Amino acid sequence: MTKKEFRNSQEYKELVEKIKGYSKGFKFTLPYYKMTQGQKNAIHIIINDCIKERIIDSIAIGLQLDGTMTEETFVRL
């Protein structure tokens, strides 16, 4: 599935609406270490779009010793 196809999918729209429904100031953490590569790719598209639209902002990143990102915390703007 391409990025354009994913952005037009029902799943994408539901997840963006879920994030928009969070109250302002709400913080949530995504555990990337628990996700498959496909899930990571999809969530990165959603998160990047939400950041561009100023819906959320990244406030913390968890890293392994080798520099691999394990989790990221966001706040609803």
Check your understanding: open to solvent by 60 Å² or more (accessible area, probe 1.4 Å), part of a loop (DSSP other than H, G, I, E, B) and of a type in the set (Lys, Arg), is that true of Lys24?
Key -> yes
Check your understanding: Do you know which of the residues in region 44-77 that are assigned to a helix (DSSP H, G or I) and open to solvent by 30 Å² or more (accessible area, probe 1.4 Å) is nearest to Tyr22 (Cα to Cα)?
Key -> Ile51
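The values are calculated or read from the model by the stated rules, or taken from the named source; none is laboratory data. Since the model is a prediction, treat every value here as computed from it, not as a measurement. Side chains included, ligands, DNA and RNA excluded: accessible areas come from the protein's heavy atoms. Shrake-Rupley method; radii C 1.70, N 1.55, O 1.52, S 1.80 Å.
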